[in-house]
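The values are calculated or read from the model by the stated rules, or taken from the named source; none is laboratory data. Just so it is clear, the model here is predicted, and its values are computed rather than measured. So basically every Cβ, Gly included, is an ideal-geometry build from the backbone, and we count neighbours across all protein chains shown. Just so you know, the surface numbers come from the protein's heavy atoms only, side chains and all, with ligands and any DNA or RNA stripped out. Shrake-Rupley method; radii C 1.70, N 1.55, O 1.52, S 1.80 Å.
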Amino acid sequence: QVQLVESGGGLVQAGGSLRLSCAASGIIFSTNVMGWYRQAPGKQRELVAAITSGGLPNYADSVKGRATISRDNAKNTVYLQMNSLKPEDTAVYSCTTTKNGINYWGKGTLVTVSS
């Protein structure tokens, strides 16, 4: 079955950086679009970044210039590097992909940015 396991979250001060990882299994990783979403307390889930199978990235305006999404097909892993973190980046970050028309989600990793 499809499994997505995120890691790398934690507590960081404003202005700091984190690299999130999402290890995938149960899919042909190299052919899948992979995405990172986040959900802050009391807010709707929003797209942070996505990357195509060919490595083309797409970013939300709120993180452009501060985030870099990348993938390692040999490791079946997608990464999200976040720099210049702000308190408003505090959220649970989850990765997602689709297989046979079904969206799959990881459990997420919590990022807390202190001011």
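Ser114 accessible area, nearest 10 Å², 1.4 Å probe?
For Ser114, solvent-accessible area is about 40 Å².
Hey, what do the phi angles of the stretch 59-71 turn into as Karplus ³J(HN,Hα) couplings, whole Hz, using 6.51/-1.76/1.60 and θ = phi - 60°, x for Gly and Pro?
Taking θ as phi minus 60°, the curve returns 10, 5, 4, 5, 10, 4, x, 10, 10, 9, 9, 8, 9 Hz for the stretch 59-71.
Could you tell me what a quarter of the Cα convex hull surface of the stretch 21-115 works out to, in nm² with one decimal place?
6.2 nm²
When the dipole is taken about the Cα centre of the chain, and only Lys, Arg (+1) and Asp, Glu (-1) are charged at their Cβ, what size is it in debye, to the nearest 20?
60 debye
Let me see the P(r) profile for the stretch 43-95: every Cα-Cα distance counted, bins of 5 Å, each bin given as a percent of all pairs.
4, 18, 31, 24, 14, 7, 1
Restrict the search to the stretch 3-94; then list the trypsin sites (Lys or Arg not before Pro) that DSSP places in a loop and that have at most 12 other Cβ atoms within 10 Å of their Cβ.
Lys43, Lys64, Lys75
Please say if the stretch 69-115 is rounded, prolate or oblate, where rounded means a/c under 1.5 for a ≥ b ≥ c the square roots of the C-alpha gyration tensor eigenvalues, and otherwise the choice is prolate for a/b larger than b/c and oblate otherwise?
In terms of gyration-tensor shape, oblate.
Counting only C-alpha contacts under 8 Å and six or more residues apart, can you give the relative contact order of the stretch 37-115 as a whole percent?
25 percent
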